[in-house]
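Asks: This structure is in structure tokens; I'll ask about it shortly.
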Amino acid sequence: METPRQFAFDLGHPQALGREDFLVTDGNREAVGWLDRWPDWPSFSLVLHGPPGCGKSHLVRVFAQSRNAAAVNAAGLGTDDPPRLLSGRAVVAVEDCDRGVDETALFHLHNLARESGVGLLLTGRLPPAQWPLSLPDLRSRILGGPAVAIAPPDDALMAAVLVKLFADRQLRVGQEVIAYLLTRLERSFDAARRVVAAIDGLALSARRPVSVPLVAEVLRSFSPQENEKC
């Protein structure tokens, strides 16, 4: 299995990402390649889609920091927002476009971005053909641009993320802990962050080393409802 490599756009100021280095594997390599090629896209717009926890938001944050982009959630996009978002920007990113959006506002943003020569990055959980859009003109414009999928994290990526999250907290864990988590943890970066934070908290409060029994205790505290958040 190929080991993920660390990836960060060339910001000139690497500290801007802090500890947030994006890990590249086969599941997200195509998406990273598209964003790394900006502004040499065949169209001014691009759609990234993939299941919850696959790293879309993380990748958008890295991209936004490196490309003078504004990033907003689709649910907060209003009809008065497009001119302000586009002003002085090279790219605008709108996340979760398939989970509720003012279609008139998105249509206006799409048209203004094209006219202004500003890039437009849209994200969603579903492929754009499955987005619940009722405006035919908006649907046709979005479907007319390229789209790229991001797969859920595979074992190699999840293992690398877990190792990094533990290291960020100055926790040394054995391979047996990582292997145990991989077979039981939700395939989500958010789930990994939450679980590692909980493991750290329990280890500190109980003054116990991070071991498989301690990890099992933490995982039992995560209800199905909490896992759905990931």
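Asks: When the helices in the chain are scored as -39500 (n - 2.57) per DSSP H run of 4 or longer and the sum is shared across all residues, what 222 nm value do you end up with, to the nearest 500 deg cm²/dmol? Can you show the working numbers first?
Replies: Values: 10 runs with 102 residues, N = 230.
Helix contribution divided over all residues of the chain: -13000 deg cm²/dmol.
Asks: For a Förster distance of 22 Å, can you work out the FRET efficiency between the beta-carbons of Ser43 and Thr79, rounded to the nearest 0.05? Intermediate values should be presented prior to the final figure.
Replies: Details: r = 24 Å, r/R0 = 1.08.
Approximately 0.40, to the nearest 0.05.
Asks: Length gain on complete extension for the stretch Gln130 to Arg207, per 0.36 nm per residue less the alpha carbon to alpha carbon distance? Walk me through the numbers on the way to the answer.
Replies: Numbers: separation 77, 0.36 × 77 = 27.72 nm, distance 4.94 nm.
Result: 22.8 nm gained on full extension.
Asks: If you take the charge dipole of the chain about its Cα centre, with +1 on Lys and Arg Cβ and -1 on Asp and Glu Cβ, which of Pro136, Ala69, Leu171 is farthest toward its positive end?
Replies: After comparing all options, I get Leu171.
Asks: Let me ask something else about it. Taking Cα centroids, how far is the range 198-215 from the range 51-69 in Å?
Replies: 31 Å
Asks: Same structure, new question: Taking the Cβ-Cβ separation of Leu214 and Asp155 as r and a Förster radius of 22 Å, what is the calculated FRET efficiency to the nearest 0.05? If you can, show how the numbers build up before the last one.
Replies: On the way: r = 22 Å, r/R0 = 0.99.
Plugging the Cβ-Cβ distance into 1/(1 + (r/R0)^6) gives 0.50.
Asks: What's the ranking of 52-62, 69-79, 207-217 by average number of surrounding C-beta atoms within 10 Å, highest first? Numbers along the way, then the final one.
Replies: Details: 52-62: 20.9, 69-79: 16.6, 207-217: 14.3.
In decreasing order of mean packing, 52-62, 69-79, 207-217 become 52-62, 69-79, 207-217.
Asks: Multiplying the sequence separation of Val148 and Thr183 by 0.36 nm and subtracting their Cα-Cα distance, what value in nm do you get? Mind showing how you got there, number by number?
Replies: Details: separation 35, 0.36 × 35 = 12.60 nm, distance 2.80 nm.
Contour length minus Cα-Cα distance gives 9.8 nm.
Asks: By the gyration tensor of its Cα atoms, with a ≥ b ≥ c the square roots of the eigenvalues, what is the shape of the range 136-230: rounded for a/c under 1.5, prolate for a/b over b/c, or oblate? Write out the running numbers ahead of the final one.
Replies: Details: a/c = 3.07, a/b = 2.36, b/c = 1.30.
Prolate shape, in that a/c is at least 1.5 and a/b is the bigger ratio.
Asks: If you don't mind, there's one more thing I want to ask. Using the C-alpha atoms of the chain, what convex hull volume per residue, in cubic angstrom, is computed?
Replies: Working: hull volume 31.6 nm³, N = 230.
Measuring per residue, one finds 137 Å³ for the Cα hull of the chain.
Asks: Binning at 10 angstrom from zero up to the longest distance, how are the C-alpha pair distances of the range 117-184 distributed in percent?
Replies: Histogram of Cα-Cα distances, whole percents per bin: 15, 31, 17, 21, 14, 1.
Asks: Given R₀ = 30 Å, FRET efficiency for Arg193-Arg99 by Cβ-Cβ distance, to 0.05? Could you put the intermediate results ahead of the total?
Replies: On the way: r = 21 Å, r/R0 = 0.70.
With a Förster radius of 30 Å, E is 0.90.
Asks: If you don't mind, there's one more thing I want to ask. Starting from the Cα of Val72, step 7 Å along the direction of its Cβ; do the same at Ser221; then give the gap between the two resulting points in nm.
Replies: According to this spin-label approximation, the distance is 3.9 nm.
Every read-out reported here was derived from the displayed coordinates using simple, explicitly stated rules and does not represent laboratory data. Fair warning: this is a prediction, and the values are worked out from it, not measured in the lab. Glycine gets a Cβ as well: all are built from the backbone with ideal geometry, and neighbour counts include every protein chain shown.
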